[in-house]
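FYI, it's all coordinate maths here, none of it is from the lab. None of the values given here were measured: they were computed from a predicted structure. Cβ placement follows ideal geometry from the backbone for every residue including glycine, while neighbour counts extend to all protein chains displayed.
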Amino acid sequence: MGITSPIEHWRLIKNRYQLQGAVCVSCEKAYYPSVYVCSCGSRVFTPKKLRGHGTIMSFTEVLASTELFKDSVPYCLALIKLDDGPVILAQVTDAHAQDLSIGLSVRSVFRRYIVDGQDGLMYYGIKFVINT
Amino acid sequence: MKIAVIGIASTPYGEWWDKSLRQLLAESQLAALADAGLAPQEIQEIFVANMCAGQLSSQVNIGALATSILGAHISGTRVEGACASGGLALRAGIAAIESGRADVVMVSGVEKMSDVSHAQGTQSLMSATCYETEGFVGATFPALFALVTRAYMHKFGITREHLATVSVKNHKNGSLNPRAHFRKEITIQDVLASVVIADPLTLLDCSPMSDGAATVIISTPEFAKKIGKLGVSIIGSGQASDTLALSQRETFTEFKATQYAAKQAFTIAGVTHKDIDLVEVHDAFTMAEIIALEDLGFFEHGQAGYATMAGQTALQSKLPVNMSGGLKAKGHPVGATGVGQIVELVEQLLGRSCSRQVRDARMGLAHSMGGLGSTVTVHILAQEL
């Protein structure tokens, strides 16, 4: 239950590995991930690879989680406002709750999220670290 | 709007290892029929709320399960909107009657969560979030609410003690509810000292996983009068939605869907907040009750935490909130919850709530929420004089 199918993960690689979002051609608002209808009403977008720099809007440290994350706890999650505009939810790694604060500057790194047992896939994605 | 509620029933909520999904559902359906004094053949349509049975019991097509229980060929439909499934099922039942398609409709909700581990239950509940982006990175439901909680605390200055007062109040009310999952009173210290699930939320900030079922039978006022059961009516209903993903929200400290759904319900009912005597809100977490009371319009944004600590939502106050014990103490069998809130309000409005009775209860409001306010319903019920 809950494990991403390898096919689904392959389909989402541009989002999950490269922070590929989209920009509305009408009003230039940036989205991650891309949407179908912009808040301005337009439905035309161009893809855009977002820069992984941003600031923390909120954070938490998760101590109880699911089977898939039992080897990851405790891990920190944050809502991060990217300098490019969109807000992303991602893990903040190499940190505990006491190291984090609202307004802290963070940058993206490519890290492993889930390991599907001994023989299954390893699912990577974008995490963030404190920008020192 | 005037939809009569002519029969109600709820199983006790808890961990019922000896009762299956269908047994719980059957119990509540048959008890509601008995309460209404109706035979199974008199039900014309059934709507059943359920979220997790597909994942946890390998059972979907729950509409057919419900009609099979009654031995009927009538229309049976499963309705799902995560934890708002119960509110949505009620909306569907109301629409069937308002459209003229049916006169007597059964609305049930059921959930069976204790057949699996807590971790598996958590996994199943994550399907209410945006799984592709938020579930994938390990954002459990408590983690998402913890993000909202921290943002709210940062903006409005409340502390974990304020959050804890919600749990303490709901446990106090739950101790008076014979059907509640948890009947023990707790203290603020208990909440603060309990194990951290997702900082700053502890175990006692979070509603439990429960088994249970609830059923209400609704009808046209004419049918209700005919059988002498015109006691309580639903006079207002509203529903709204918001982005599935928390990261896509305009704000992290309000749930717009609750605001829009409440406006609809109040407009249809033609009443204001001053007319509401009692409220059942969806306290999936302590933070959720506080934000709900603000989004529903009972308090200004940022104030409901302070108001709860000051006792302004206690059982004997001017605005009792979650007299049943709320999700926290009464329990949260997901699909049943929204329907169970209606059972609680109807009992209160009929004066059947014993030691939990709110004095002069004439009009009540029920708030049912799925995901992080991505699906919300609000219903207003009134005593028929």
Rounded to the angstrom and largest first, Cα extents along the principal axes for the range A:1-50 equal 39, 20, 12
With the cut-off at 37 Å, report for the protein assembly as shown the share of all Cα pairs above it, as a whole percent. 28
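Given a cut-off of under 8 Å on Cα pairs at least six residues apart, what relative contact order in percent is computed for the range A:1-124? Mind showing how you got there, number by number?
Values: 209 pairs, mean separation 26.9, N = 124.
Dividing the mean separation by the residue count of the range A:1-124 yields 22 percent.
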Report, in degrees rounded to the nearest 10, the 0 to 90 angle that the Cα long axis of helix B:85-98 makes with the longest principal axis of chain B. 40
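What number does the range A:51-132 give for Rg over Rh if you use C-alpha atoms and the Kirkwood radius?
Working: Rg = 13.0 Å, Rh = 13.1 Å.
Taking Rh as the inverse mean 1/r over Cα pairs, Rg/Rh reads 0.99.
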Please work out whether the range B:276-385 counts as rounded, prolate or oblate from its C-alpha gyration tensor, where a ≥ b ≥ c are the square roots of the eigenvalues and a/c under 1.5 means rounded, while otherwise a/b larger than b/c means prolate and anything else oblate? oblate
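Hey, what number do you get for chain A at 222 nm if only DSSP H runs of n ≥ 4 count, each worth -39500 (n - 2.57), divided across all residues, to the nearest 500?
Values: 2 runs with 12 residues, N = 132.
One gets -2000 deg cm²/dmol as the mean residue ellipticity at 222 nm.
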Amide H contacts of residue A:92 (H built 1.01 Å from N, under 5 Å, at least 5 apart or other chain): A:76, A:77, A:78, A:128
Projected area, mean over directions - the range B:129-286, Cα convex hull, nm²: 12.4
Out of every Cα pair in the range A:1-87, what percent are spaced more than 18 Å from each other? 59
Rounded tilt (10° steps) of B:141-156 against the dominant C-alpha axis of chain B: 60
At 0.692 mPa s and 37 °C, plugging the Kirkwood radius over alpha-carbon pairs of the range B:6-73 into Stokes-Einstein gives what diffusion coefficient in µm²/s? 256
Here the Cα Rg-to-2.2 N^0.38 Å ratio for the range B:53-104 is 1.24
Note on the protein assembly as shown, DSSP bridge orientation, antiparallel percent to nearest 5 equals 80
With Kirkwood's inverse mean 1/r over C-alpha pairs for Rh, give me the Rg to Rh ratio of the range B:57-195, two decimals please. 1.05
For the range B:305-319, Karplus-derived ³J(HN,Hα) couplings (6.51, -1.76, 1.60; θ = phi - 60°; whole Hz; x for glycine and proline) come out as x, 5, 5, 5, 5, 7, x, 6, 10, 6, 4, 9, 8, 6, 9
Angstrom value of the Kirkwood radius, inverse mean 1/r, which spans all Cα pairs in the range B:142-227: 15.3
Using the Karplus curve 6.51 cos²θ - 1.76 cosθ + 1.60 with θ = phi - 60°, work out ³J(HN,Hα) for each residue of the range B:254-259 in order, rounded to whole Hz, and write x for Gly and Pro. 9, 10, 4, 4, 5, 4
Calculated from DSSP helices alone, with each H run of at least 4 adding -39500 (n - 2.57) and the total divided by the residues of chain B, [θ]222 nm to the nearest 500 comes to -11000 deg cm²/dmol
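For residue A:97, what charge total do you get from the other residues with a beta carbon under 10 Å from its beta carbon, if Lys and Arg give +1 and Asp and Glu give -1?
Working: positive: B:150; negative: A:61, A:99, B:199.
Net of charged neighbours comes to -2.
I need to check one value: relative contact order of chain B, counting alpha carbon pairs closer than 8 Å and at least 6 residues apart, in percent.
26
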The helix B:334-349 Cα axis meets the longest alpha-carbon principal axis of chain B at an angle in degrees, between 0 and 90 and rounded to 10, of 70
Share of Cα-Cα pairs in chain B lying beyond 36 Å, as whole percent: 14
With x for Gly and Pro, the residue-by-residue ³J(HN,Hα) of the range B:379-385, computed from phi through the Karplus equation 6.51 cos²θ - 1.76 cosθ + 1.60 at θ = phi - 60° and given in whole Hz, is 10, 10, 10, 9, 6, 8, 7
Specify which residue in the list B:122, B:75, B:342 is farthest towards the positive end of the charge dipole of chain B, using unit charges on the beta carbon of Lys, Arg (+1) and Asp, Glu (-1), about the Cα centre. B:342
If A:36, A:124, A:75 are placed from fewest to most neighbouring beta carbons inside 10 Å, the sequence is A:36, A:124, A:75
Report, in debye and to the nearest 20, how large the dipole of the protein assembly as shown comes out about its Cα centre when Lys and Arg carry +1 and Asp and Glu carry -1 on their Cβ. 600
Can you list the lysines whose alpha carbon sits under 25 Å from that of residue A:70, skipping same-chain ones fewer than 8 residues off? A:127, B:112
